[in-house]
Amino acid sequence: VAGVSSHPGKFGFVAFHNLRRYGYRGTLFPVNRDGAEVLGGPTLRDVADVPVGAADLVFVCTPNSANAALLRSCAARGVRAAFVASGGYAEADDVGKALEHELVATADEVGIVLAGPNGQGLISTSESMCAQIVAPYPPPGRISVASQSGNLLSSLLNYAVLTGIGISKAISSGNSAQTRLADYLEYFAVDPETAVALAYL
């Protein structure tokens, strides 16, 4: 998680908290440029401190101007996928559009699969992974969801929590700058843990 914060209102705090709270079974590497203690534990000051090959996904909560360089650093450590929660891209203005173009070009160049930017997060209940900047984490099941709207995804996940309807995977596609809804549906179609795919355009 790049951009982990000790402030409970920041995206980086919430995403790291959710991963810890719901028992993600993989190894977590919280990165905070000040090396501040977060949730009672130490953080790394730089992505360069992550052991090579130890992480496969970076959840990005750092400022948009820093994220292209961040992807290069992540690729050098063996990271091959990124979810970018940061906003201020094409949804904002022309400067944001240029930053989004640079972000995608960098991801393509270094071989990183990119989701977002300006997205809410993703879950995989089989991995106990709740990498989101919001709270709802549903029980496991065989429905997978891809949504352009983060708010609607939250509503669906909250409904799943209330009713006990099981979810396998879910993703908020945000600006869909590199990977798009069709890519997620194509994945769900061959995923043995998904029996039903739900999409919101």
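Quick note: the coordinates plus some simple rules give every number you see, no bench work behind them. On a predicted model such as this, the values are computed, not experimentally measured, just so you know. When we count neighbours, we look across all protein chains shown, and the Cβ atoms used for this are built from the backbone with ideal geometry, even at glycine.
Numbers for the structure displayed
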read-out	value
Amide proton proximity set for Met129, modelled H, under 5 Å, gap of 5+	Ser124
Sum of -39500 (n - 2.57) over DSSP H runs of 4+, divided by residues of the chain (222 nm, nearest 500)	-9500 deg cm²/dmol
Assigned charges on the beta-carbon of Lys, Arg, Asp, Glu; the chain dipole about Cα centre (debye)	520
Alpha carbon centroid spacing (whole Å) that separates the range 137-198 from the range 1-55	24
Globularity index of the range 35-149, i.e. its alpha-carbon radius of gyration over 2.2 N^0.38 Å	1.12
Of (i) 122; (ii) 161; (iii) 113, the label for volume of the Cα convex hull per residue in Å³ derived from the coordinates	(iii)
Helical segments meeting 18 Å axial Cα length and Kyte-Doolittle -0.5 threshold in the chain (DSSP H)	94-110, 150-163
Most to least packed among 114-127, 87-100 [average Cβ atoms within 10 Å]	114-127, 87-100
Difference of contour (0.36 nm per residue) and Cα-Cα distance, Val95 to Arg21	23.0 nm
Positive-end extreme of charge dipole, the range 121-201 - chosen from Ala131, Ser149, Phe188 (charges on Cβ)	Ser149
In nm, spacing of pseudo-spin labels at Glu193 and Thr163 (7 Å Cα→C-beta vector)	2.2
Charge tally in the Cβ shell below 12 Å around Glu109, where Lys, Arg are +1 and Asp, Glu are -1, Glu109 excluded	-1
